[in-house]
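A short worksheet on the structure shown next.
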Amino acid sequence: IEPNIIAGVINWGNIATGYCFFTSEAESIREDLTLDIAADSGAGYRRTFQSSISTINVGPSMAIALADSIRFGLSSFYFYSTNDLIIHQRFSLGEEDGYIQDSTLRGQYEGVKVLAGTQIDVGDFIFAMAFMRSYSSSSTTKIYQDRILLANSQLDEANQRVISNSTEDNDVEVVNPNELRLGVAWKPTEKFGVSYDLDYIEPRYDYSKVN
């Protein structure tokens, strides 16, 4: 899913309500690496790395103007995130043997995010602050590993044999991190303005909860 957004707003005097559906962190990465350790003997190493992550968010929003220069907003989103990581490795030990090792990590995470923000106008300056808190309702991460022995350096399926495989649950907690955003803008005219933003985002992975 590519990053996109669908939203709508309804104004009720000094109060505005709306809804939003958007995707975030939608990306896919592929990297290939080949090393010829000893070309004359056929020994070498090849690795393919693939990673994809996507997060879907949907929920309502509300904003209210407490005064002409003070505004406050509140949003709540349900999120569903998937994260797939695949590493394919081939070890050629020579012309006669070698093995392939595949490692796959698949994670699914869902929960609720609450976003609150305020904006204050002071003369030509605008000050803003927003804080987002995430609550994870479920988190599932599985790691799969397969090792395939090659009877020769060619990928002949008849000569392949699975020598080990495993599946394990991993307790690494992965949730959307809490975020704090601060901003200030100077707008002396309607057509000219300068702004500065400062963002703090907590680490995404909590390795202290790994068994």
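The values are calculated or read from the model by the stated rules, or taken from the named source; none is laboratory data. Since this is a predicted model, take the numbers as computed values, not measurements. Neighbour counts run over all protein chains shown; Cβ positions are idealised from the backbone, glycine included. Accessible surface areas use protein heavy atoms only, side chains included; no ligands, DNA or RNA. Shrake-Rupley method; radii C 1.70, N 1.55, O 1.52, S 1.80 Å.
Kindly check whether there is at least one residue in the stretch 38-51 that is exposed (fewer than 14 other Cβ atoms within 10 Å of the Cβ) and modelled with pLDDT of 90 or more.
no
Given the structure, is Ala65 modelled with pLDDT under 80, part of a strand (DSSP E or B) and surrounded by 11 or more Cβ atoms within 10 Å (Cβ to Cβ)? Give the steps one after another, and end with the answer.
Working: modelled with pLDDT under 80: no; part of a strand (DSSP E or B): yes; surrounded by 11 or more Cβ atoms within 10 Å (Cβ to Cβ): yes.
Criteria not met by Ala65.
List every residue pair whose Cβ atoms lie under 7 Å apart, where the two residues are 6 or more positions apart in sequence or sit on different chains, the first residue falls within the stretch 133-148 and is within 15 Å of Thr55 (Cα to Cα), and the second residue, located anywhere, is outside any strand (DSSP E or B) and among the hydrophobic types (A, V, I, L, M, F, W, C).
Between residues of the stretch 133-148 that are within 15 Å of Thr55 (Cα to Cα) and residues that are outside any strand (DSSP E or B) and among the hydrophobic types (A, V, I, L, M, F, W, C), the close pairs are Ser134/Val175; Ser136/Val175; Ser139/Val175.
Go through the stretch 131-182 and report how many residues are out of contact with any Asp or Glu (no Cβ under 8 Å at 6 or more places or on another chain), surrounded by 15 or more Cβ atoms within 10 Å (Cβ to Cβ) and modelled with pLDDT of 75 or more.
1
In the stretch 115-144, what residues are over 19 Å from Leu85 (Cβ atoms) and aliphatic (A, V, I, L, M)?
Across the stretch 115-144, the qualifying residues are Leu115, Ala116, Ile120, Val122, Ile126, Ala128, Met129, Ala130, Met132.
Would you confirm whether or not the stretch 87-103 contains a residue that is modelled with pLDDT of 85 or more and either in a strand (DSSP E or B) or within 30 Å of Pro188 (Cα to Cα) (or both)? Quick ask: steps written out before the conclusion?
Step one: of the stretch 87-103, the residues modelled with pLDDT of 85 or more are 87.
Checking which are either in a strand (DSSP E or B) or within 30 Å of Pro188 (Cα to Cα) (or both) leaves us with 87.
Within the stretch 87-103, one or more residues are modelled with pLDDT of 85 or more and either in a strand (DSSP E or B) or within 30 Å of Pro188 (Cα to Cα) (or both).
Considering Gly117, Gly107, Gly123, which residue is open to solvent by 60 Å² or more (accessible area, probe 1.4 Å) and at pLDDT 70 or above?
Result: Gly123 is the single residue among Gly117, Gly107, Gly123 that is open to solvent by 60 Å² or more (accessible area, probe 1.4 Å) and at pLDDT 70 or above.
Give me the residue from the stretch 1-37 that is at pLDDT 85 or above and outside any strand (DSSP E or B) and, out of that set, farthest from Asp68 (Cα to Cα).
Gly13
Only residues in the stretch 107-121 that are under 27 Å from Ile70 (Cα atoms) count as the first member; pair them with residues that are among the β-branched types (Val, Ile, Thr) and buried (at least 17 other Cβ atoms within 10 Å of the Cβ), Cβ under 9 angstrom, at least 6 apart or cross-chain, and list the lot.
Gln119/Ile126; Ile120/Ile126
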